[in-house]
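Notes follow the structure.
The values are calculated or read from the model by the stated rules, or taken from the named source; none is laboratory data. Computed from a prediction, not measured in an experiment: that's the story for all the values here. Neighbour counts are summed over all protein chains in view; Cβ atoms, including those assigned to glycine, are modelled from backbone coordinates with ideal geometry.
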Amino acid sequence: MVRQSIHRFTALCCLGILAACAADSPPIGPKLTVNSQLRPATLDAPDVMASAVAGSLGRGEEDLLVRLENKLPGFGGLYIANGEVRIYMKRSAQSASVVRDQLVTFYSTHPNPRVREAVANLNRATVLPADYSLSELIAIENRVASSPVVLPGWIGTGASITRNRVVVMFKDSSSLAVGLQRMESIGVPLAALSPMVVPEIRTSSGYFITGYRPTGGGLQIRTENDTREPGIWGTDPKNGNPFYYTFSSTCSLGFNVRTQSGAEYFMTAGHCEVEYAGVNGATGDTAIQASRQSGGLIGTYVYNPPYDEGSSCPFNPATLTNFDFCTNADVALGTYLSGVTHVRKVGTSTYGGVNGYPGQITINNFWSINGVLSPEYVDSVMHHDAAKSGRTTGTTSGPIIFTVGPVSALICFSRADQVCNSRYILLRNATTVQAVSDAGDSGAPVFTGNPGTGAPYAAIGILLAGSHASSYPCTSCTFALARWDQIEARLGLGSLLPQTN
C-alpha cells in the first residue's frame with residue numbers, strides 16, 4: 001500500500017482479518033492415512049503440562065487451568081451456563097464430589113476476585129464428559145502451528161475451552177479441505193477441530209476525520225514526523241493557495257494507562273508506529289489527534305518493543321518458511337505532552353454495531369473502566385461478548401472465537417519510502433472475536449461490560465487485526481486482539497492500570 005496524505009487525508013495503519021462461522025464438527029471428506037511413524041498430537045500433552053507447571057507456558061489464564069489439570073487429570077476446562085458451573089472431565093476414576101472439592105480448593109485463591117465470586121457455587125457444579133483435556137487441546141494447537149508439512153492458506157489456530165475443541169482457520173474452503181487431510185496426516189485428530197474460513201489479513205487506507213477532546217480510548221490518532229519523513233509543498237485544491245502536505249499513518253488510541261509508580265501513557269498497536277517509520281521497534285515519532293483547536297499534538301512514542309525477526313520466529317505453516325516477524329503483543333506506549341487532557345475512559349458509539357454491522361462514528365459518551373479481565377473469564381464465565389471502539393467502525397461487539405492462539409497476518413513494511421512491502425507477522429497468543437472492524441481500527445480498546453452488560457467497562461486488550469468488509473452485514477468478519485496479560489509481559493513495566501480514577 002502506498003502511504004499518502006493530502007491536507008486532512010491520511011493513510012491508515014490497520015491489519016484486517018475476515019472469518020466465517022465455525023461448524024461444531026469438521027466436514028466429512030476424503031480420509032488420508034495417518035503417518036504411523038508420527039506421534040499423535042495428544043501424546044505431547046505432558047510437555048504442555050510440564051511447561052505450565054514450570055511457569056513457562058505463557059498463555060495467561062490458561063496457565064492456571066493447565067496447572068489445575070496437573071492436580072485433576074482429565075480436566076478439560078469449565079464454563080458457566082444459567083449461573084451454574086459446568087466442568088469438562090475426561091473419563092476418570094475420581095468421583096464428581098472429588099472433582100468439585102479440587103476445584104473449590106483451587107479457585108479459593110484465584111487472583112481475580114471477580115472469578116472467585118463467579119465460581120462460588122462450585123460445590124454444586126455439574127461434571128460433563130470431555131473428549132479432550134485442556135493440555136491435549138493445546139498440544140493439538142501446537143502441532144498445527146508447527147506443522148512439518150505445508151498447510152496452504154493457514155491463518156490461525158486456538159483452543160476453545162467452551163467448545164472443548166481446537167479452532168483452525170484457513171483463507172478459503174479449498175485450503176481448508178487440503179489442510180484437514182494434511183493435519184490428519186501429522187497426527188491431528190480431526191474430531192478435535194472446529195474449522196473456519198478466514199481470508200488472508202491485509203492492510204488498507206482511509207481518511208482522517210475525527211475531532212474530539214479530551215483524549216480517550218477509541219479515538220483516532222495520527223503518527224507523523226516531518227524530520228523522519230519530510231512533507232512537500234503543493235497547492236490546496238480548495239483555494240489554490242500554497243499548502244504543505246505531510247505524510248502520516250492513522251490508528252485508534254487504545255487505553256490511557258498508569259503504572260504503579262504513577263507514570264501516565266497512551267496505548268496503541270505497535271505496528272502503527274512501525275509501519276509509519278519503516279523501522280522495527282521505532283520510537284520518537286509524534287502522535288496527533290484531530291482537534292477543534294490548532295495543532296492537535298498529544299504526545300510522543302516512547303515504548304515500542306521490536307518484533308523478533310526471521311530465524312528467531314517459527315515456520316509459517318502455510319509456507320514452511322520463517323515468519324518475517326513475530327510478537328506476543330504488538331503494542332506501543334507514548335507519553336502525553338504537558339497540558340494535554342486525557343482520561344482513562346473509553347468512548348462508545350451512539351449506536352453500536354452487532355450481527356455484522358459497524359457502529360456509528362458519533363460518540364455517545366466516555367465511560368469508566370473499572371478493571372482488567374481475561375478473555376477466558378469473559379467467554380467461559382460471564383458469557384459476554386467482547387467490544388471494541390475504533391475510529392473507523394465505531395463500537396462493535398461479538399462473541400469470542402478463541403481466547404489464545406497464533407494468528408498469521410500481513411504487515412506493511414516498510415513504508416518510510418512510501419512503498420508497502422508486505423511481510424508476514426505471527427501474532428502469538430492472540431484472542432479472536434467475531435465482529436466488524438476495518439482500516440484504522442488498529443490499537444482500538446477492546447472491553448466488556450462489568451458488571452451486567454453496560455458501563456462501567458473492563459479492559460480486555462487492544463485490537464491488532466481487523467476485517468475489511470466489502471458490504472454489510474458482514475457476519476463472517478472477525479478481529480484479533482492482544483490480551484492484557486501479554487501486553488504487560490511484552491512491555492515489562494509491571495501492571496498497567498486503565499482503571500478510572
Open item on the list: I want to confirm something. Restricting to the range 422-448 and keeping residues that are aliphatic (A, V, I, L, M) and not in a loop (DSSP other than H, G, I, E, B), which single residue is surrounded by the fewest Cβ atoms within 10 Å (Cβ to Cβ)?
Closed with: Leu426
Task: Whichever residue in the range 462-501 is out of contact with any strand residue (DSSP E or B) (no Cβ under 8 Å at 6 or more places or on another chain), in a loop (DSSP other than H, G, I, E, B) and at pLDDT 85 or above and, among such residues, is farthest from Gln434 (Cα to Cα) - done: Gly492
Open item on the list: What's the total number of residues in the range 105-142 that are part of a helix (DSSP H, G or I) and closer than 14 Å to Arg165 by Cα?
Closed with: 9
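A quick yes/no check of all residues on (1) surrounded by fewer than 23 Cβ atoms within 10 Å (Cβ to Cβ); (2) more than 12 Å from Tyr457 (Cα to Cα); (3) touching a Phe, Trp or Tyr at 6+ places or on another chain (Cβ under 6 Å):
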residue	(1), (2), (3)
Ser349	yes, yes, no
Gln360	yes, yes, yes
Ile363	yes, yes, no
Leu373	no, no, no
Task: the range 439-456 - residue that is modelled with pLDDT under 90 and in contact with a strand residue (DSSP E or B) (Cβ under 7 Å, 6 or more places away or on another chain) and, of those, nearest to Tyr276 (Cα to Cα) - done: Gly440
Task: strands (runs of 3 or more DSSP E) fully within the range 183-249 counting 1 or more residues that are of a type in the set (A, V, I, L, M, F, W, C) and modelled with pLDDT of 75 or more - done: 193-197, 220-224, 232-235, 242-245
TODO: For the range 80-96, name all the residues that are in a strand (DSSP E or B) and modelled with pLDDT of 85 or more.
DONE: Arg86, Ile87, Tyr88, Met89
Open item on the list: Checking the structure you have, find out if any residue of the range 308-316 is touching a helix residue (DSSP H, G or I) at 6+ places or on another chain (Cβ under 8 Å), under 20 Å from Leu427 (Cβ atoms), touching a residue at least 12 places away in the same chain (Cβ under 8 Å) and surrounded by 16 or more Cβ atoms within 10 Å (Cβ to Cβ).
Closed with: no
Task: Which numbered condition Thr126 fails, given (1) in contact (Cβ under 8 Å) with a residue 40 or more places away in the chain; (2) surrounded by 15 or more Cβ atoms within 10 Å (Cβ to Cβ); (3) β-branched (Val, Ile, Thr) - done: (2)
- [ ] Kindly establish whether Val99 is touching a Ser or Thr at 6+ places or on another chain (Cβ under 8 Å) and part of a helix (DSSP H, G or I).
- [x] yes
Open item on the list: Yes or no: the range 217-228 includes at least one residue that is of a type in the set (D, E, K, R), under 29 Å from Gly347 (Cβ atoms), touching a Lys or Arg at 6+ places or on another chain (Cβ under 9 Å) and surrounded by fewer than 24 Cβ atoms within 10 Å (Cβ to Cβ).
Closed with: no
Task: Residue match in the range 291-303 (condition: in contact with a helix residue (DSSP H, G or I) (Cβ under 7 Å, 6 or more places away or on another chain), at pLDDT 95 or above and of a type outside the set (Val, Ile, Thr)) - done: yes
TODO: Can you work out which of the residues in the range 143-159 that are in contact with an Asp or Glu (Cβ under 9 Å, 6 or more places away or on another chain) and not in a helix (DSSP H, G or I) is farthest from Arg86 (Cα to Cα)?
DONE: Gly153
- [ ] Please work out which one of (1) assigned to a loop (DSSP other than H, G, I, E, B); (2) at pLDDT 90 or above; (3) closer than 22 Å to Gln434 by Cα; (4) of a type in the set (Val, Ile, Thr) is the condition Thr162 fails and give its number.
- [x] (2)
